[in-house]
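Participant: If you scroll down you'll find the structure; I have some questions about it.
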Amino acid sequence: RPLFLGLDLSTQQLKAVILDDSLVVVHTESVNFSREFPQFGTIDGVIRSPSSPSLVFTPVSLWLSSLDLLLSRLSLHSHFSLSDIKAVSGTAQQHGTVYWTREGENNLERLKDAQGKNIDQALKGSFSKAECPIWMDSSTGEFVDHFDSVIPDLNRITGSRAYHRFSGMQIAKIFKYEREIYDNTTRISLISSFLASIFSGKITPIDQSDACGMNLLDIQTSNWSPLCLSLVVNSQDDGLISDLRSKLGQTIPASTDLGSISPFFVSRFGFSPECRVVSFTGDNLSSIADLNISSGDVILSLGTSDTAIYCSSSFTPLERGHVFIHPTNEGDFVNLICYKNGSLTRERIREGCGLTWTTVSSTLAETPVGNDGAIGIYFDMDEIEPRVRAGNYRWNEKGDRVDSFPFSREMRAVLESQCLHLRSNCPQEINRVILTGGASNNPDIRQMMADVFGRRVFTAAVADSAAQGGAKRARYVYNAPPVPYSAYFTVDVTLVAEPKPSNVAIYSNLLSVYREREASLLHS
C-alpha cells in the first residue's frame with residue numbers, strides 16, 4: 001500500500017509520522033536527543049555555552065546519529081515496510097544554519113558507496129562548523145543593531161524586523177568572528193534543507209517559505225536581497241556578495257519534488273529506489289500544511305517556543321511578528337508571532353511550585369480567574385516578542401512590583417500571562433482557535449485559551465502536526481492531483497473548549513493591564 005513519511009527535527013527530538021493514502025496514521029516513532037545520545041552533552045537537545053549563556057547550539061553529528069537510529073527502528077517494524085514509502089518530506093526547527101564544506105558536497109554524492117556505515121560516519125568531515133547555531137541563540141546583538149540602523153523598515157523587505165535568532169545574523173557573526181569557517185564553507189543550508197539534502201544525496205535548495213526566517217530574502221520577489229547580503233558581509237564588494245549568494249544557492253517553492261531518494265537509503269534501510277523526496281520546510285509552516293487553515297483561523301503551537309499563526313491573502317508587514325510565504329497556497333502569506341519562552345518556562349514554574357500536571361488543576365481552583373488582577377511575566381531566556389531581558393516580573397493586584405507569589409497564585413500567573421501574551425498580538429477578527437503541540441492536551445490550558453480569546457478552541461487530530469504536515473505534502477506532490485492543496489485536504493479538528501462568558505469578561509479587562517505591564521518592561 002502507498003505510504004508517506006513525514007519527519008520533524010525539533011529542538012528536543014526527531015519524530016517520524018507515516019500516513020497511508022487515506023491519511024490514516026500507520027505509525028509514529030521518535031528519538032529524544034538528550035536521553036538517547038547523552039554522550040553529546042546536550043540538555044533538552046541543546047548546549048548552552050558556560051562562558052556565554054546567550055550562545056546556544058546543537059552538534060550536527062547528534063542529528064545525523066538520531067536520523068540513523070530513527071530509520072533503523074522504522075526498518076524493523078513488521079506491520080509496514082519502508083519499501084512502500086512513496087515519498088518523504090518533513091520539517092525542522094527554523095532559523096538554524098548548517099555549513100557544508102566542498103568535501104561535504106562530495107560525501108553526499110558518495111553516500112551510495114558508503115556501505116556498512118551509518119549516516120554520521122558516512123558524512124564525517126562534511127561540515128566546516130561542527131555545531132549548528134539554533135533559534136534559541138541570542139548572541140548576535142551587534143548584527144541585529146547594525147541591520148536595524150541601516151534598514152529600519154527591514155520587515156517591509158523580508159517580512160520581519162532583525163532578530164537575534166534569524167539566520168542572516170548568525171551568518172554575519174560567523175563571517176566576522178569565524179572567518180576561516182566561513183571561507184571553508186561552500187554551501188549554507190537551513191536545518192530543513194540540510195535534512196532534504198541528506199535524503200537526496202546532494203545539496204538541495206532552501207525553500208522559499210523557510211527562507212523568510214533568515215532576514216535575507218526579499219519576500220515579494222523570492223530572491224536574496226542584495227542590500228541584506230551586503231550587511232552580512234559588511235561590504236559593498238560585489239565579489240563578497242556574490243560569494244554569499246553562491247553559498248546560499250537558489251530558493252524553491254516549499255512543495256517541490258527534489259527527485260529520487262539517495263541509493264544509500266535503499267541499501268541501508270530498505271526504501272524503494274522510486275521513493276521521491278519533497279522539499280522540507282520550517283516546523284511552524286509545516287503545521288500550516290497539516291491543518292490547512294483558512295482566513296479567520298488562528299493556530300497556537302504550544303511547544304518549547306509558543307507560536308501564534310494566521311493566514312492572509314496579501315503581504316502586510318507586521319510590527320511585532322513575521323510574515324512568511326505560504327508553504328502550500330500560492331500567493332498567500334503566513335503571519336507568525338513566536339515567543340521564545342514556552343513549555344520550558346511552564347515546566348520550571350510547575351516544578352518550583354512542587355506540582356505535577358495532575359495536581360495543577362486543583363491548585364488553579366484555589367485562585368480566582370484573573371488572579372485578582374495580579375500578573376506575572378516569566379522569561380527564562382531573553383524574549384524576542386517583546387524584546388525583554390530574561391527574568392521573573394511580578395505585580396500584585398495594586399500594580400506594585402513584588403518578588404514572589406504564593407505557589408497557587410504563581411502557577412495561575414504563568415499560565416494566564418502566556419495566554420494573554422499570545423492574545424495580545426493576534427488579530428481582533430478570529431473565528432476559532434486551533435491548538436497544537438504538547439500542551440494542547442492539557443484541559444486547563446485549553447479552557448484558559450478559550451476564555452482569554454473568547455472563542456471556541458479546537459485541537460488537531462494528532463499533536464504531531466509538523467511531522468504530519470510533511471507527510472501530507474509528500475502525498476500531495478506524489479499524487480499530483482488537478483486541484484490546489486487547499487481543496488485536497490479536509491481539516492480534522494475536535495472541539496475541546498467553549499468560552500465561559502464570565503471568564504471572557506475578566507480576561508478582556510485584564511488584557512489591557514497585561515499590555516501595560518509588558519510595555520513597562522520595554523522601557524525599564
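The values are calculated or read from the model by the stated rules, or taken from the named source; none is laboratory data. Computed from a predicted structure; not experimentally measured. Here the Cβ is made from the backbone with ideal geometry for all residues, glycine too, and neighbour counts use every protein chain on show. For the accessible areas, the whole protein counts, side chains as well, though only heavy atoms, and no ligand, DNA or RNA atoms are used. Shrake-Rupley method; radii C 1.70, N 1.55, O 1.52, S 1.80 Å.
Participant: Being under 27 Å from SER313 (Cα atoms), open to solvent by less than 10 Å² (accessible area, probe 1.4 Å), in contact with a Leu (Cβ under 9 Å, 6 or more places away or on another chain) and in a helix (DSSP H, G or I) is the filter here, so list the residues in region 178-211 that pass it.
Facilitator: The answer is SER192, SER209, ASP210, ALA211.
Participant: Could you tell me whether any residue of region 357-371 is assigned to a loop (DSSP other than H, G, I, E, B) and surrounded by 21 or more Cβ atoms within 10 Å (Cβ to Cβ)?
Facilitator: No, region 357-371 contains no residue that is assigned to a loop (DSSP other than H, G, I, E, B) and surrounded by 21 or more Cβ atoms within 10 Å (Cβ to Cβ).
Participant: Further question: Tell me, which strands (runs of 3 or more DSSP E) lie completely within region 234-333 with 2 or more residues that are open to solvent by 30 Å² or more (accessible area, probe 1.4 Å)?
Facilitator: On the way: elements: 257-260, 276-278, 297-302, 306-312, 322-325.
Qualifying strands (runs of 3 or more DSSP E): 257-260, 306-312.
Participant: Do you know which of the residues in region 500-524 that are touching a strand residue (DSSP E or B) at 6+ places or on another chain (Cβ under 9 Å) and touching a residue at least 40 places away in the same chain (Cβ under 8 Å) is most open to solvent (accessible area, probe 1.4 Å)?
Facilitator: Checked region 500-524; the qualifying residue most open to solvent (accessible area, probe 1.4 Å) is LEU522.
Participant: Here is a further query. Can you pull out every residue in region 484-499 that is surrounded by 15 or more Cβ atoms within 10 Å (Cβ to Cβ) and modelled with pLDDT of 95 or more?
Facilitator: Result: VAL496, ALA497, PRO499.
Participant: Then there is this: Has region 32-45 got any residue that is surrounded by fewer than 16 Cβ atoms within 10 Å (Cβ to Cβ), in contact with a strand residue (DSSP E or B) (Cβ under 9 Å, 6 or more places away or on another chain) and at positive phi?
Facilitator: Yes, region 32-45 contains a residue that is surrounded by fewer than 16 Cβ atoms within 10 Å (Cβ to Cβ), in contact with a strand residue (DSSP E or B) (Cβ under 9 Å, 6 or more places away or on another chain) and at positive phi.
Participant: Check GLY376 against each of (1) under 23 Å from the mean Cα position of the chain (by Cα); (2) crowded, with 22+ Cβ neighbours inside 10 Å; (3) of a type in the set (Gly, Ala, Ser) and name the one condition it does not meet.
Facilitator: Result: GLY376 fails condition (1) only.
Participant: Considering only residues that are part of a helix (DSSP H, G or I) and acidic (Asp, Glu), look in region 405-430 and name the one that is surrounded by the fewest Cβ atoms within 10 Å (Cβ to Cβ).
Facilitator: Going through region 405-430, the residues part of a helix (DSSP H, G or I) turn out to be 407-424.
Still in the running and acidic (Asp, Glu): 410, 416.
Working: GLU410: 23, GLU416: 25.
Here the residue is GLU410.
Participant: Now, a different point. Farther than 17 Å from ASN155 by Cβ, open to solvent by 10 Å² or more (accessible area, probe 1.4 Å) and either hydroxyl-bearing (Ser, Thr, Tyr) or over 16 Å from the mean Cα position of the chain (by Cα) (or both), is that true of ASP218? Walk me through how you get there before you give the answer.
Facilitator: Values: farther than 17 Å from ASN155 by Cβ: no; open to solvent by 10 Å² or more (accessible area, probe 1.4 Å): yes; either hydroxyl-bearing (Ser, Thr, Tyr) or over 16 Å from the mean Cα position of the chain (by Cα) (or both): yes.
Taking the combined requirement at face value, the residue does not satisfy it.
Participant: Okay, next question. Go through region 431-452 and count every residue that is open to solvent by 10 Å² or more (accessible area, probe 1.4 Å) and either over 12 Å from GLU416 (Cα atoms) or of a type in the set (Lys, Arg) (or both).
Facilitator: Adding up the residues that qualify gives 9.
Participant: Could you tell me how many of the residues in region 77-108 are β-branched (Val, Ile, Thr), over 11 Å from PHE194 (Cβ atoms) and within 16 Å of the chain's Cα centre (by Cα)?
Facilitator: Initial filter on region 77-108 (β-branched (Val, Ile, Thr)): 85, 88, 91, 97-98, 101.
If we keep only those that are over 11 Å from PHE194 (Cβ atoms) as well, we get 85, 88, 91, 101.
With within 16 Å of the chain's Cα centre (by Cα) added as a condition, the list becomes 91.
Residues in region 77-108 being β-branched (Val, Ile, Thr), over 11 Å from PHE194 (Cβ atoms) and within 16 Å of the chain's Cα centre (by Cα): 1 in total.
Participant: Take the residues of region 379-404 that are open to solvent by less than 20 Å² (accessible area, probe 1.4 Å) and aromatic (Phe, Trp, Tyr): which is modelled with the highest pLDDT?
Facilitator: Looking at the filtered set, the residue picked out is TRP395.
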